[in-house]
Amino acid sequence: MEAIINFLIEHQCPQCGAPAIMEETERLFVCKFCRVRSYLVASDVFRYILPSKAPESKELLYFPYWRFKGMLFSCAGNGVGHKFVDVSHQAVSSHVFPVTLGLRSQALKLKFVTPETEGRFLKPTQSLAGIEQCFDDRFGKTLPKPVLHHAHIGETISLIYAPFYIENRLYDGVLNSPTAGASIDDFDIDQLPAENPHWRIHFMATLCPNCGWDLDGERDSLVLLCKNCTSAWYPVGKRLKQIKFGKHPAGDSDAIYLPFWRIRPKIKGLDLQTYSDLIKVANIPKVVQPGWENIGFRFWVPAFKVRPKIFMQLSKNMTLAQFNPDLAVELPENRHYRINLPVTEANQSLKVNLASFFRPKNRLADILHTVNITAQSFMLVYVPFIEKHHEYIQPDLKFAINKNILTLSEHL
Ligand SMILES: [Zn+2]
Ligand SMILES: [Zn+2]
């Protein structure tokens, strides 16, 4: 595994202005001084600057890098390969600036970009989608061949601006030392388009839009829960949007609930609308029972960060099981696991999920080229797992997750 970095972010409480440090993945911020809770959102992606040690007299030039931390999946004829990566890449194509952020110390504290940040900000001209190809090329070498389909499931996607300045040559402002890159003699940096740093992080109140009660969540939670009016809220842009959720009945009071995105897909190019279709598509050795043609097919994807291998196994097993009990519109009264994988990213995994169970395998290449899958709607579903000594077990699925793996995944 590549080095995984969890940066710390230096910021201020929006309520009292007290300085604060939070983790990169943190969204629900509780001020140590005024105790006010707020939820952080960005209008598109989070934008940070790396700290500068450049002499004060130097005008800083901020060069943008896409940062992608998450899972890469590749489907080949013989299966699905996966890798967890933490990578960065130029958001402006340039032979003068370093191609990646390089190995930066975890001790560096980032700051949010605000309109008050001084310096010249180069405008990103490479889209994230455009540079995902670079990640595939860089990491694809170790994955099964030939690659029929790639998926990128980002748990953290951000723009990080690194400070540089010019004094005869190009200096890295973080290290305050000359860069090793190309000479800037024949290169006019002023030609690169710049823009004003007009972004600002938004802090939302964590009050239930429905009843005004304080919403609950873990620090890195992407869904906030209201225990008063039993509702679940998902930040979309600068607003909280109510989402549908349900809970599986559990026989065991010791259950821990793991959250899943249950996604209703629109599939073009393959007949997979119902549970009975799934029996054929996945060649499951079961006799189709009456009524199964009325059970709508759904994809299931973990709503929490977990290693790519487990993520894939859980997605496949849950999707094949097509659990369909009556869901209770209740929040789990027991322990429940944090929701920290966005549904937008879960949607990126649907084709890989299909590839994991599609039979016969020799038709997979055709299918992956012609089938089109989009998410129509989604729901959050809590599924009970029973705690054993070393693992959590889903009894109906007969699936076990090692406790250590889950704990370690929190740091992904
Ligand atoms: Zn405060
Ligand atoms: Zn409420």
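For the stretch 313-331, how many residues are among the hydrophobic types (A, V, I, L, M, F, W, C), over 17 Å from R264 (Cβ atoms) and at pLDDT below 95? Selection size over the stretch 313-331: 3. Residues of the stretch 184-226 that are in contact (Cβ under 8 Å) with a residue 24 or more places away in the chain and polar (S, T, N, Q): N196, T206, N210, S221. What residue, among those in the stretch 99-142 that are of a type in the set (G, A, S) and out of contact with any strand residue (DSSP E or B) (no Cβ under 6 Å at 6 or more places or on another chain), is modelled with the highest pLDDT? My answer is S127.
Output yes when any residue across the stretch 159-176 is in contact with a helix residue (DSSP H, G or I) (Cβ under 8 Å, 6 or more places away or on another chain), within 16 Å of F68 (Cβ to Cβ), β-branched (V, I, T) and in contact (Cβ under 8 Å) with a residue 40 or more places away in the chain, and no when none is. The answer is no, given that none of the residues of the stretch 159-176 is in contact with a helix residue (DSSP H, G or I) (Cβ under 8 Å, 6 or more places away or on another chain), within 16 Å of F68 (Cβ to Cβ), β-branched (V, I, T) and in contact (Cβ under 8 Å) with a residue 40 or more places away in the chain.
When N340, N372, N347 are checked against the criterion of being more than 22 Å from F297 (Cβ to Cβ) and of a type outside the set (A, V, I, L, M), a single residue qualifies: N340. Going residue by residue through the stretch 338-350, is there one that turns out to be out of contact with any strand residue (DSSP E or B) (no Cβ under 8 Å at 6 or more places or on another chain), surrounded by fewer than 17 Cβ atoms within 10 Å (Cβ to Cβ) and closer than 18 Å to G70 by Cβ? Within the stretch 338-350 (the criterion being out of contact with any strand residue (DSSP E or B) (no Cβ under 8 Å at 6 or more places or on another chain), surrounded by fewer than 17 Cβ atoms within 10 Å (Cβ to Cβ) and closer than 18 Å to G70 by Cβ), the answer is yes, since at least one residue qualifies. If you filter the stretch 228-241 down to residues that are touching a residue at least 40 places away in the same chain (Cβ under 8 Å) and assigned to a loop (DSSP other than H, G, I, E, B), you find that the one that is nearest to ligand 2 (Cβ to nearest atom) is T230.
Taking the stretch 396-412 on its own, how many of its residues are within 23 Å of P325 (Cβ to Cβ), of a type outside the set (D, E) and touching a residue at least 40 places away in the same chain (Cβ under 8 Å)? Talk me through it step by step, then tell me what you get.
Of the residues in the stretch 396-412, the ones within 23 Å of P325 (Cβ to Cβ) are 396-401.
Next cut, of a type outside the set (D, E) only: 397-401.
Checking which are touching a residue at least 40 places away in the same chain (Cβ under 8 Å) leaves us with 397, 399, 401.
Adding up the residues that qualify gives 3.
What do you reckon, is N347 within 17 Å of the chain's Cα centre (by Cα) and free of Cβ contacts under 8 Å to residues at least 60 places away in the same chain? No; evaluated as a whole, the condition is false for this residue.
In the stretch 205-224, the residue that is farthest from K403 (Cα to Cα) out of those that are surrounded by 20 or more Cβ atoms within 10 Å (Cβ to Cβ) and more than 19 Å from the chain's Cα centre (by Cα) is C208. Taking the stretch 175-227 on its own, how many of its residues are part of a loop (DSSP other than H, G, I, E, B) and either under 30 Å from L28 (Cβ atoms) or hydroxyl-bearing (S, T, Y) (or both)? Total satisfying the criteria: 24. Regarding R262, is this residue within 30 Å of G70 (Cα to Cα) and in contact (Cβ under 8 Å) with a residue 40 or more places away in the chain? Criteria met by R262.
Name the residue that is surrounded by the most Cβ atoms within 10 Å (Cβ to Cβ), counting only residues in the stretch 178-197 that are modelled with pLDDT of 85 or more and under 17 Å from Y161 (Cα atoms). Quick ask: steps written out before the conclusion?
First, the residues of the stretch 178-197 that are modelled with pLDDT of 85 or more: 178-179, 192-197.
This time we only want the ones that are under 17 Å from Y161 (Cα atoms), so: 179, 192-197.
On the way: T179: 16, L192: 18, P193: 10, A194: 14, E195: 12, N196: 10, P197: 20.
Selected residue: P197.
Would you be able to say whether some residue in the stretch 333-340 is free of Cβ contacts under 8 Å to residues at least 40 places away in the same chain and under 20 Å from W233 (Cβ atoms)? Yes; the residues of the stretch 333-340 include at least one that is free of Cβ contacts under 8 Å to residues at least 40 places away in the same chain and under 20 Å from W233 (Cβ atoms).
The values are calculated or read from the model by the stated rules, or taken from the named source; none is laboratory data. Computed from a prediction, not measured in an experiment: that's the story for all the values here. Cβ: placed from backbone, ideal geometry, glycine included. Neighbour counts: every protein chain shown.
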